[in-house]
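The values are calculated or read from the model by the stated rules, or taken from the named source; none is laboratory data. In this text the structure is predicted, and so the values were computed from the model without any measurement. Virtual Cβ from ideal backbone geometry, glycine too; neighbours counted across all protein chains shown.
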Amino acid sequence: MRNKMSKLLKPRNMKLTLTIQNSNLKLRSLSTTESTFQQDKPKQNRMNTNGSTKRWLSFQEGGTPTHTNSASVRERNRAVTSYYFQDSIDSKGAQISVRLTPSTIMYSSISSDKQADKIRSAVYLQRELPIRVAHRIVNFRSLPFIIGCNPTILSVHELYIRAFHILNDFPEIQTYEDVLKYDAVLRSLMDDHKEVVSLLARGFKESQKHVENDDGVASFLDRILTSRLGIRMLVNHHLSLHNKEGTIGMINLCMNLKHVVSRWSGFVTELCEDKYGHAPPIKISGHTSAVFPYIELPLDYILPELLKNAVRATVESHPNLRGKSLPSVHVTIASNKTDFIIKISDRGGGIDHGRLNSVMRYNFSTAEESTENLSNTGIFANMMEEVNRTTSGPMHGYGFGLPTSSAYAQYLGGSLQIQSLQGLGTDVYLRLKHLESPDHELRI
């Protein structure tokens, strides 16, 4: 009888579940898409839903904490580590990117067989894009730990990891039908990454107090942003092949510089009128009939930022004047055999001596009061929000516009210079090389 009672009272394999109910507390549980760390299966045999052994992380909101032993914690830590440090990424990251000149890209895209052009372009991208994305993932790993762990920056890091596997795992392209499927993947990824620059701006704004080496962060952002520009140019070229008369993919064979400046001048004027109720006139002069082949996409990033700064400074420094009575913003364009120049002059009072050396620094803004609140308030944030919606990639607030524009200009073999006439206004010089400049060979 005593033995029977002892058996009944003997504790069995019971699982302890702790439930915490708190309406004001949301808990996040970290899991993988693998089975929940099954101890009865060898680790090497665990596979996710598509048969791959890659580890993917997902976050479940409102999860209930459960008792875990030290083995499961170690397994989870290994999963997290292997997610951010994967052999396939390391392998591609060690390979050299092949950057092509615009002339090579253009002449490889104009054969009589349009489908063959698309296949050739897709095959190049299939080889090239995983390498470039892997290089950027390696850059994310090099960030100081406390910055790299910022949730906003970490979300961008994970976007790149996801994009890498989608691109790297795509089946070999052999037919035109494969190209069409690949194009759909590229469009989806372009859409997924459209907010990347804004996210980086926000993340580094949040992490600014932890930045000890401004030069290191600037170097990281220059590489990330210019690489992103190059990737988007290549993808846009591929997706727009044979779509429009007078263009070869991303290259406008007869770009009228005045028309491009006029388009963005009108856009910024409308934004300013919408916010302030009025705007200064923008006048264009110089070589207004200049026409030459060029890639418009970089100008679609840079020009709205430069014009926005000039218009805002003019309006805010003349509070007693309105509309046409405001000093004009003058845009002067010039073109020669080597390069072309866009000079934007305003009478917005200039940049203070103490700030002049800082305006090209990431996360510095002369509209700091408008951007200190990360909820995107004020003219600076609102105007940039509109630009984000309209251009093919964001030029944003948080003091990223000018340094990003400068990085793009240097990537294209040019420069962005600022001359401030304190008390009067500011002159900005954007100088870019022609695609077939005799002393420079652009590679994308």
* Asked: Can residue 263 be described as within 28 Å of residue 399 (Cβ to Cβ), free of Cβ contacts under 8 Å to residues at least 24 places away in the same chain, assigned to a helix (DSSP H, G or I) and in contact with a helix residue (DSSP H, G or I) (Cβ under 9 Å, 6 or more places away or on another chain)?
  -> yes
* Asked: Can we say residue 146 is more than 22 Å from residue 91 (Cβ to Cβ), of a type in the set (Val, Ile, Thr) and touching a His at 6+ places or on another chain (Cβ under 6 Å)?
  -> yes
* Asked: Can you name the condition, by its number, that residue 225 falls short on among (1) within 19 Å of residue 400 (Cα to Cα); (2) in a helix (DSSP H, G or I); (3) modelled with pLDDT under 95; (4) out of contact with any Leu (no Cβ under 7 Å at 6 or more places or on another chain)?
  -> (3)
* Take the residues in region 170-216 that are among the acidic types (Asp, Glu) and under 21 Å from residue 120 (Cα atoms), then tell me which one is surrounded by the fewest Cβ atoms within 10 Å (Cβ to Cβ). => 172
* **Sole residue being surrounded by 18 or more Cβ atoms within 10 Å (Cβ to Cβ), at pLDDT 50 or above and not in a loop (DSSP other than H, G, I, E, B), chosen from 381, 409** => 409
* Asked: Has region 100-123 got any residue that is farther than 24 Å from residue 195 by Cα and touching a Gly at 6+ places or on another chain (Cβ under 6 Å)?
  -> yes
* Asked: For region 174-195, what are the residues that are in a helix (DSSP H, G or I) and touching a residue at least 60 places away in the same chain (Cβ under 8 Å)?
  -> 176, 179, 182, 183, 186
* **Top-ranked residue in region 101-123 [being free of Cβ contacts under 8 Å to residues at least 40 places away in the same chain and of a type outside the set (D, E, K, R); ranked as surrounded by the fewest Cβ atoms within 10 Å (Cβ to Cβ)]** => 112
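To keep it simple, each residue is scored yes or no on (1) more than 30 Å from residue 298 (Cβ to Cβ); (2) under 30 Å from the mean Cα position of the chain (by Cα); (3) outside the structural domain of residue 293 (by TED's automatic domain parsing); (4) at pLDDT 80 or above.
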| position | (1), (2), (3), (4) |
| --- | --- |
| 63 | yes, no, yes, no |
| 69 | yes, no, yes, no |
| 79 | yes, yes, yes, no |
| 102 | no, yes, yes, yes |
| 105 | no, yes, yes, yes |
| 109 | no, yes, yes, yes |
| 127 | no, yes, yes, yes |
| 138 | no, yes, yes, yes |
* **Scan of region 135-149 for residues that are in a helix (DSSP H, G or I) and without any contact (Cβ under 8 Å) to a residue 12 or more places away in the chain, ordered by number** => 145, 148
* To do: Scan region 237-246 and give yes if some residue there is of a type in the set (A, V, I, L, M, F, W, C) and out of contact with any Asp or Glu (no Cβ under 9 Å at 6 or more places or on another chain), otherwise no.
  => no
* Structure fact -> Picked from region 88-134 (must be polar (S, T, N, Q) and assigned to a loop (DSSP other than H, G, I, E, B)), the residue farthest from residue 174 (Cα to Cα) is 101
* To do: Only residues that are outside any loop (DSSP other than H, G, I, E, B), aliphatic (A, V, I, L, M) and crowded, with 16+ Cβ neighbours inside 10 Å: list them for region 267-293, please.
  => 268, 271, 282, 284
* Being touching a strand residue (DSSP E or B) at 6+ places or on another chain (Cβ under 9 Å) and of a type in the set (Lys, Arg) narrows it down to one of 209, 258, so name that one. => 258
